[in-house]
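Worksheet: the structure to be examined is printed underneath.
Just so it is clear, none of the values below were taken in a lab; they were calculated from the coordinates. Computed from a prediction, not measured in an experiment: that's the story for all the values here. Backbone-built Cβ (ideal geometry, glycine too); neighbour counts: all protein chains shown.
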Amino acid sequence: MLNYLRRHKLYLVYVPLTVYWLVLLAATSFPAPAFTEFGISDKVNHFLAYFILAFMVNLAIIVQEKYPWLKKNSSIKILFIVSIYAVLDEVHQAFIPGRSCEFLDWVADFAGAALGIVVLNFILYRIGYPKSTESQTEA
């Protein structure tokens with residue numbers, strides 16, 4: 001399965017990640033009343049949005065082969081990147097009518113991102129994907 005994703009990474013990983021990230025940015029750029037709520041707690045929305053984002057970024061790092069150094073300590077790098085984006089997104093929301101910049105929203109973003117990374121790593125562990133891919137050749 002992972003080999004299939006590597007062969008078709010542009011359409012199955014990179015494009016969906018780019019579209020999702022742009023939709024996430026657009027969704028947080030609308031004034032609060034203009035964006036339809038899903039009837040879920042704001043913190044749950046943040047948690048799920050960043051769970052998916054970190055999961056997809058993690059997958060993108062795993063299937064890419066151009067920058068092998070990204071794979072070393074990738075969980076920390078991904079958590080850092082997504083957390084910085086979450087901070088920037090929270091600050092950005094302070095300038096959107098009806099939205100606010102809240103520390104607890106960032107905490108929910110961070111927790112969702114951390115769990116998204118853990119879940120994908122667990123799935124890969126369960127299917128036998130080796131953590132250290134730099135030393136192994138592709139079959």
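Ranked for footprinting exposure by Cβ neighbours inside 10 Å, fewest first, 82, 23 give 23, 82. Mean residue ellipticity, 222 nm, helices only, the chain: the sum of -39500 (n - 2.57) across DSSP H runs of n ≥ 4, divided by residue count and rounded to 500, is -20500 deg cm²/dmol.
Put in order of Cβ neighbour count within 10 Å, fewest first, the listed residues 61, 123 become 123, 61. Helix 15-27 and the long axis of the chain differ in direction by around 10°, with both axes built from C-alpha atoms. Structure remark: mean-square fluctuation, Gaussian network model of the chain, C-alpha springs under 10 Å; the largest value among 41, 74, 83 belongs to 41.
Note that the chain shows a convex hull volume over its alpha carbon atoms of 112 Å³ per residue.
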